[in-house]
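Below is one structure; the comments refer to it alone.
The values are calculated or read from the model by the stated rules, or taken from the named source; none is laboratory data. The shown structure was predicted, so the numbers you read here are calculated from the model rather than taken from an experiment. Cβ placement follows ideal geometry from the backbone for every residue including glycine, while neighbour counts extend to all protein chains displayed. Note: areas computed on protein heavy atoms with side chains; ligands, DNA, RNA excluded. Shrake-Rupley method; radii C 1.70, N 1.55, O 1.52, S 1.80 Å.
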Amino acid sequence: MLLSKLLKITTATVLLALISVSCSITKRVPENEYLLRSNKIIVDDKNVNTEDLYGLLRQKPNRKILGFLRFHLRLYNMADFGKENVLKRWLKNTVGEPPVLLDTMMVNASVFQQKSYLSNKGYFNAVVSKAIFYRKKKADVTYNIQAGAPYTIRNISYTAEDDVVESFLQNDSANRLLRKEIPYDADVLYTERERITNMLKNNGYYNFSREFVFFEIDTAIGKHCTDIKLTIKNPVIKSGDSLQPFQSVNHKRFIINKVFVFPQQNSLMQKMPQADTVRVMAAGKRKNDVPSSYYFVYSSKPRLKTDVITQAVFMKEGRLFSLNDVEQSYKTLSGLKNFRFINIQFSENPDTLNDNPYMRALDCKIELTRMPSNYYNIAAEATNAGGNLGVAGNISYQNKNMFRGAEIFDLKLNVALEVQKIFGDESSDDVISQLPFNTMETGLEARFEIPRFLLPVSPEKFSKYFRPRTYIKTGLNYQQRSDYTRYILNASFGYEWKGNEFKKHIFTPIEISSIKINPDSSFIHIINAIQDKRIQLSYNDHLSMAMKYSFVLNNQKINKLINFSYFRGNIETSGNALWLASRAFGMEQDELSSYKIFNIRYSQFVKLDADYRFYNFFNKHSSVVYRLAAGIAFPYGNIEIMPFDKSFYAGGANGIRAWKLYDLGPGAYSDTNVVKFYKTGDIQLEANMEYRFDIYKYLKGALFIDAGNIWLRKKNEQFPNAEFKLNEFYKQIALGGGIGARLDFSFFIIRLDAGIPLRDPSRVPELRWVYDEMKLTKLNFNLGIGYPF
């Protein structure tokens, strides 16, 4: 039903677009008015950022999709014709976009905005002129900019009226943003002001603000140069002297006096119960460090251990106030996932003044409002496991404070129905024909997460900035298909920590997975008929004991529409410890020269893979995403074949979408077998580019192109031309393209992509470009949950 609706919406949208192309976009433009067709900016200096200038224009033409079609304007015009009805009213007022009519006052305002921008960038003598070209009720506006020579900084000086602040300025010279001979830029001045403010706030200057940072700019020295003097002024206070009512005083620095923690804060209670104050000592990182004191105020024993909270608080008794400590405390306390509200306040303590009149003491007050620890949930969800679509029902329980240390325990029971490709059955390739479902899966998962490193070392020995977590996971999964049943038992233990705001490390020293397969007789017959050891071993029982490390870099800034990159690299090894133990204890090998544990062969391999993505936003309505992925696996030792679940594959909803899942590759291998099988490889290369654009509210569109393939590392007689060769692999790259529609509700995304092969490496070299077979019947439809990348 959902697929049918999505197909109807997509078809209707395409038909409306095709119909509306024939309509004149100026048909509804009133007399003596002109449709703004384009804005063009011509600048004589290539160093001027034209993207910024376009962003300043007060009036912009109607938006386009696909780079050329004013879809929303055409729908508006089409709906604004003839007798009005509900559909037309909806198309006009909701989906459509009224024509943008030229407003010369807006054009003049844009000229003023551009001149102001250029002045801020050092082009003080820039000349901005406009020209408007009228033709057939359309107007094109051109902005001609003669920027002239930009002003550069000749001399720059930093000074402060306070000698102590002056010393901080001079010691911080390596981090300065303003230097000689760089172009003048008002934005850099603003950023430098913010940087200096934060630097001083991180060194005890609690009350410092950017209003104390002044710039004196001299542009009258000629030769397109400017001198800049940055001065940090002192605060001015009333003196009480009638002759000189105000006086300048030095900036005060603040030291943390006491840290009070209220772990049972409840803003809804009008009167707090009588509370006790308990002093808690937190050990330092090094042996000789003086312990820090924290004062906990509560009426009954806190449900969260005090040492867990102190480990998340960066402010320390006797330490200079630091804005960075406050921000990190918010992040780390929030990361414990036990508090609904976190409030950190500071107040000056007048009773702790010392001999230094410019040093003051601060009391820190941390108010924590807890959230419930236990959660129960029953949910239904759509699934997309490796391109296999399905629905699942989950019953889950979560405890966020299992042993009073903010440990999170999750227990989930799930039952899923999926559409999976059946081995040797070509009809199962078509997802739609397999609906409703052909696979049943059920499982029980448990996860235990601890907000620190679970090591025989005190948590205080590690930097709080790591925000470490230890996780223990285990699960049992049962899958029933028409050709076999499968049991998977897995368990893992690992660590996760932050390198900085954008970097994350995941280290899993042990990950055990045991797979037991019970095939039916027909499936065994199919496997044996292929007579390939690689495929046969992929469907035998196997065991793996792996170690894995992952590095993630994601510089996305939440709630900011700016370009960002994502990178994930993984390295995984398996079987080495088991192989050494097998040799050490003199275990016997089987007929394949493999060792067994519990009568199951275990895998031994090294696998490396990486995934890089770049998200390029044109505006809030359109973007392009680029992706590169590569990987290589080296099976060796006990079994010289990669386990099926650890091998690389191509095709499907999240890969090269012109091919079905497991249908592409390896290499230039041409599958002539009557029995079709899942195609996997030891090497993977893949590149994707997807242009995404808005159509209407939740409905998004996409154009994409995918390229790549998988290969075997070694020559295999059963798979001719499947091995990776440096002088051949680029000739075996598959290429596919297509269009897609997405229903994006933020919390839930369903998409339909239609891909068609453009270059097929399984064909003979001279016929690999498949122009002769580019037909609608060759479209491969992929229904997916979430974006592909």
Along the Cα-to-C-beta direction of Val278, a point sits 7 Å from the Cα; which residues of region 315-354 have their amide N less than 20 Å from that point?
317, 338-339
Hull surface over four for the Cα convex hull of the chain, reported in nm², is 48.3
What nm distance separates the two modelled labels at Glu591 and Ser670, each placed 7 Å from Cα along Cα→Cβ?
3.6
Run the accessible area of the chain with a 1.4 Å probe and give the carbon-and-sulfur part as a rounded percent.
56
Semi-axes a, b, c in Å (a largest) for region 100-221, each sqrt of 5 times a Cα gyration tensor eigenvalue, come to 42, 17, 10
Sites Ser116 and Phe502 - FRET efficiency at Förster radius 30 Å, r taken between beta-carbons, to 0.05:
0.35
Would you please name the GluC sites (Glu not before Pro) within region 529-604 that are DSSP coil residues with at most 14 other C-beta atoms within 10 Å of their C-beta?
Glu588, Glu591
Asn144-Ala174 pseudo-label distance in nm [points 7 Å out on the Cα-to-Cβ vector]:
5.1
Once Tyr612 and Ser129 are pulled to full extension, the length gained, defined as 0.36 nm per residue separation minus their Cα-Cα distance, is 169.5 nm
Largest first and rounded to whole Å, the semi-axes √(5λ) derived from the alpha carbon gyration tensor of region 637-789 read 30, 18, 13
Partner lysines whose C-alpha sits under 18 Å from that of Lys725, ignoring same-chain residues fewer than 8 away, are Lys714, Lys715
Could you work out Rg/(2.2 N^0.38 Å) for region 559-657, with Rg from alpha carbons only?
1.62
Using 7 Å Cα-to-Cβ label points, what is the Tyr696/Lys778 separation (nm, one decimal)?
3.3
In terms of the Cα gyration tensor, with a ≥ b ≥ c the square roots of its eigenvalues, is region 502-612 rounded because a/c is under 1.5, prolate because a/b exceeds b/c, or oblate?
oblate
Given the options Ile309, Leu66, Met281, identify the residue whose Cα lies farthest towards the positive end of the charge dipole of the chain (+1 on Cβ of Lys, Arg; -1 on Cβ of Asp, Glu).
Leu66
Once every DSSP H run of n ≥ 4 in the chain is given -39500 (n - 2.57) and the sum is divided by its residues, what mean residue ellipticity at 222 nm do you get, rounded to the nearest 500 deg cm²/dmol?
-5000 deg cm²/dmol
Just the C-alpha atoms of region 79-134: what Rg/Rh do they give, with Rh taken as the Kirkwood radius?
1.32
Solvent-accessible area per residue for region 523-617 at a 1.4 Å probe radius, Å²?
56
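Give the whole-number value, in cubic angstrom per residue, of the convex hull volume spanned by the C-alpha atoms of region 622-713.
121
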Using the alpha-carbon centroid of each, what span in Å lies between region 666-717 and region 488-563?
19
Mean Kyte-Doolittle of at least 1.0 plus a Cα span of 20 Å or more along the axis: flag which DSSP H helices in the chain meet both, please.
2-21
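Semi-axes of the equivalent ellipsoid for region 443-589, please: Cα gyration tensor eigenvalues, times 5, square-rooted, ordered largest first, whole Å.
37, 22, 16
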